[in-house]
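Novice: Take a look at this one; I'll ask things after.
Computed from the coordinates by the stated procedures, all read-outs in this text should not be read as laboratory data. Nothing here was measured: the structure is a model prediction, and the numbers come from that model. Note: ideal-geometry Cβ built from the backbone for every residue, glycine included; neighbour counts use all protein chains shown.
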Amino acid sequence: MAQCGEFGFVLFGSAKALNVIDDTMFVLGIGVISVTMLFTPVLIRISDNVAKRVERSQARSDHAFAPAEAESPSARVIIGGYGRVGHSVAMLLQGSGIPFIAFDTDPARVAQGRADGLPVYFGDVGDAELLAAAQVENASLVVLTIDHAPTALRVVTHIRNSFPRVPVIARARDLEACGHLLAAGATQAYPEALESSLRLGRLALEMVNVPPENVDLLLQGVRSDNYRLVLPESDKKK
């Protein structure tokens, strides 16, 4: 039902003054106008939500993963998450000719990956049934780039318990999150913030003419010592 406007009040007021309509019709008309104006913002919000759900549903059906598509060479990498980090990993794998398959729960990311001609599908990598359909037991590696610690922990725990031979590497926000992932069975976990700092530090050292081999030794020492050199004093005491 279309919204009535303020002009309706003027129109019904004039009709009432000219005795074109009676009191009952006047009250009814004013009531209808008021109700439609009151509910229009609510209806617009509801319609927006409905439209978004339809779009997501369409994206899911268009880019849903079919188990038959998992039939690829055994040396395959499964990427969980196709955001900024997942895209970078996917491009490096593609550039090296290594087969992979990626999953994400964001229809826009999935659509972009598909538009780029990459095997990106809609799906929650934390879903055990999806991993089974993707034949995770035959994967050479699982790379978790999702920025959601509970889901990452769930995936690592499931894979380690069900498919102990499959290595899993994961990103994490900080060392604490890395510790949780490693405790759950991740093969490697990398603290994104600290690694970004180390890359910037490497560039700084190289630009002031520190020999590359010295830089490599320094960064290797930082990583092997659990990043203690670059941690704040308060974190070192934990």
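Novice: If we count other beta carbons within 10 Å of each Cβ, what is the order of His180, His158, fewest first?
Specialist: On the way: His180 16, His158 19.
Placing the least packed residue first, the sequence is His180, His158.
Novice: Another question about this same structure. What ranking do 185-194, 10-19 get when scored by the average of other Cβ atoms within 10 Å per residue, highest first? All intermediate terms of the calculation are to be shown ahead of the outcome.
Specialist: Numbers: 185-194: 17.1, 10-19: 12.6.
Top of the packing list down: 185-194, 10-19.
Novice: Here is a further query. Extent of the stretch 79-141 along each principal axis, from alpha carbon coordinates, in Å, largest to smallest?
Specialist: 26, 26, 17
Novice: Counting Lys +1, Arg +1, Asp -1, Glu -1, what net charge surrounds Leu218 among other residues with beta carbon under 12 Å of its beta carbon?
Specialist: Numbers: positive: Arg202, Arg223; negative: Glu206, Glu213, Asp216, Asp225.
Neighbour charge sum, excluding Leu218 itself: -2.
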